[in-house]
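Student: Here it is, the structure in full.
The values are calculated or read from the model by the stated rules, or taken from the named source; none is laboratory data. Treat the numbers as computed from the prediction; the structure is a model and nothing was measured. Positions of Cβ are backbone-derived with ideal geometry, glycine not excepted, and every protein chain shown enters the neighbour counts.
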Ligand code: FA5
């Protein structure tokens, strides 16, 4: 019996099999328990001999099971460790990382450029009152120039701002003529424009405003020229064309020489050699006055540019809709490492 049991223990290759052996030989219904149970029937002389023998056999089988159990456990641990080994020399799986959107980068680049010229950065609300979006900018109700910017009205007096110019009026109003202002304001604007390659119903503008004593047209031209050359390269030319905005007098639009054809005329610049990127002018006396600045003491210039158009020019993007459709293949091209 002992030999047979030890043989079974030896053959067991899993903890389950070993447990089965333990139950079979040492369990309540096993042969040794049976022998011990039958002790009562034995004679006085036989009892200690058989008892000792049975206990010895039981002890040996139990020891063999315990030592085999330790072997199997060690073996299993070994196996598990081998299976779970990590090869630290394998190349890692790349984790895709995001990056700033091209539009965010260009706005930040423009901000840095103007901060370098002493402008501070301000913000204003996208949901704006009719007063700040139009009236404070010399565009009273019924003024025909309101049609230049088709609007999304929320109520009769509240709308999505059509440009960032209301931030001019808000900033000046806050300071009430007490000191000069030199600020830019980037932000989203909304117009009921039909979307095409160069127009979007929601786009970005960056407003600029400089009000001080003796600010002149030449100051505006100098700042815009610096901006264009730093943004697009020293060889680029700027051109100011007379224009009209009710909140500036005189008003201009600024064109930049086309990079694609070097001013020769191509499809990108609609064969003119120039591309319009912003509107600007000297702040209208009425606007200064309404915001608490004395136009006899103060003068100023303002501009409003479209960073999408600037990014298109700088990076050769052929359709403004690329900025908003979020095709990862487009966006990835502009991620800096
Ligand atoms: C204005 O919005 C004036 N507030 C700009 C201004 C500010 C003039 C301060 C004088 C003083 P305009 O509507 O032209 O002007 O727009 C300014 C720029 O925004 C344009 O030159 C163009 O770059 C961009 N822009 C205009 N409409 C759209 C559009 N639908 N989609 C994308 N960009 C546009």
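Student: Looking at 166, 250, which one is surrounded by fewer than 17 Cβ atoms within 10 Å (Cβ to Cβ), touching a helix residue (DSSP H, G or I) at 6+ places or on another chain (Cβ under 8 Å), modelled with pLDDT of 95 or more and over 27 Å from residue 325 (Cα atoms)? Write out each step before concluding.
Tutor: Details: 166 fails: surrounded by fewer than 17 Cβ atoms within 10 Å (Cβ to Cβ).
Selected residue: 250, the only one of 166, 250 that is surrounded by fewer than 17 Cβ atoms within 10 Å (Cβ to Cβ), touching a helix residue (DSSP H, G or I) at 6+ places or on another chain (Cβ under 8 Å), modelled with pLDDT of 95 or more and over 27 Å from residue 325 (Cα atoms).
Student: Enumerate the pairs (first residue in segment 8-21 and farther than 13 Å from residue 76 by Cβ; second residue anywhere and assigned to a loop (DSSP other than H, G, I, E, B)) with beta-carbon separation below 9 Å, excluding pairs fewer than 6 apart on the same chain, so at least 6 apart or on different chains.
Tutor: 19/12; 20/12; 21/12
Student: Within segment 209-230, how many residues turn out to be crowded, with 18+ Cβ neighbours inside 10 Å and either out of contact with any strand residue (DSSP E or B) (no Cβ under 9 Å at 6 or more places or on another chain) or without any contact (Cβ under 8 Å) to a residue 24 or more places away in the chain (or both)?
Tutor: 0
Student: Taking residue 245 as the residue in question, decide whether it is within 16 Å of the ligand (Cβ to nearest atom) and in contact with a helix residue (DSSP H, G or I) (Cβ under 6 Å, 6 or more places away or on another chain). Talk me through it step by step, then tell me what you get.
Tutor: Values: within 16 Å of the ligand (Cβ to nearest atom): yes; in contact with a helix residue (DSSP H, G or I) (Cβ under 6 Å, 6 or more places away or on another chain): no.
No.
Student: So which residues in segment 176-190 are at pLDDT below 95 and either near the ligand (Cβ under 10 Å from one of its atoms) or surrounded by 15 or more Cβ atoms within 10 Å (Cβ to Cβ) (or both)?
Tutor: Scanning segment 176-190 gives a single hit, 177.
Student: Say we look at segment 312-334 and pick out the residues that are in a helix (DSSP H, G or I) and within 16 Å of the chain's Cα centre (by Cα); which of these is surrounded by the fewest Cβ atoms within 10 Å (Cβ to Cβ)?
Tutor: The initial filter retains those residues of segment 312-334 that are in a helix (DSSP H, G or I), namely 312-315, 322-325, 328-332.
Restricting the remaining residues to those that are within 16 Å of the chain's Cα centre (by Cα) gives 323-325, 328-332.
Working: 323: 21, 324: 15, 325: 9, 328: 9, 329: 6, 330: 14, 331: 18, 332: 11.
It comes out as 329.
Student: Also, I was wondering about something else. State all residues of segment 275-308 that are crowded, with 20+ Cβ neighbours inside 10 Å and free of Cβ contacts under 8 Å to residues at least 60 places away in the same chain; if no residue qualifies, say none.
Tutor: Within segment 275-308, 275, 277, 278, 279 qualify.
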